[in-house]
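A short write-up of the structure that comes next.
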Amino acid sequence: MGIPARYVSGYLETLPPPGKPKLVGADASHAWVSVWCGPVHQWQDLDPTNRCRPQERHITVAFGRDFADVSPLRGVVYGSGEQSLKVAVDVTPR
């Protein structure tokens, strides 16, 4: 369609405001899209998973073309025996 867009990787604040539902992806990394709307409106973010426009609860970590460009965790572990990994992120305002 010729519209410049980018993949946005980040996190969501874990606790919703009073009376608001908890957003999908709030306990893990999350991603949304950003589209270029010209020099007046510039980059506009959209979170299709939660049907909203990202605001202060969406924390941007990186921009890229897709998940492979901005994977939050990447690497290789060499070892023997059984191993397990548990990662938890809790985002709270300052």
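The values are calculated or read from the model by the stated rules, or taken from the named source; none is laboratory data. Because the structure is a prediction, the values reported are computed rather than measured. Cβ coordinates were reconstructed from backbone atoms using ideal geometry, including for glycine residues, and neighbour counts include every protein chain displayed. Surface accessibility is based on the protein's heavy atoms, side chains included, excluding ligands, DNA and RNA. Shrake-Rupley method; radii C 1.70, N 1.55, O 1.52, S 1.80 Å.
Things worth noting here:
- Given (1) assigned to a loop (DSSP other than H, G, I, E, B); (2) under 15 Å from the mean Cα position of the chain (by Cα), index of the condition residue 45 fails: (1)
- Residue that is most open to solvent (accessible area, probe 1.4 Å) [pool: residues in the stretch 44-83 that are more than 14 Å from residue 8 (Cβ to Cβ) and of a type in the set (Ser, Thr, Tyr)]: 78
- Residue pairs meeting the criteria (Cβ under 6 Å; at least 6 apart or on separate chains; first closer than 18 Å to residue 61 by Cα, in the stretch 32-48; second among the basic types (Lys, Arg) and part of a strand (DSSP E or B)): 34/6
- Residue tally, condition in contact (Cβ under 8 Å) with a residue 60 or more places away in the chain and acidic (Asp, Glu), over the stretch 49-69: 1
- Every residue from the stretch 1-42 that is of a type in the set (Gly, Ala, Ser), part of a loop (DSSP other than H, G, I, E, B) and under 21 Å from residue 70 (Cα atoms): 25, 26, 28
- Only residues that are modelled with pLDDT under 90 and either assigned to a strand (DSSP E or B) or of a type in the set (Phe, Trp, Tyr) (or both) were counted in the stretch 62-91, giving 2.
- For the stretch 1-43, taking the residues that are exposed (fewer than 12 other Cβ atoms within 10 Å of the Cβ) and β-branched (Val, Ile, Thr), the one that is modelled with the lowest pLDDT is identified as 3.
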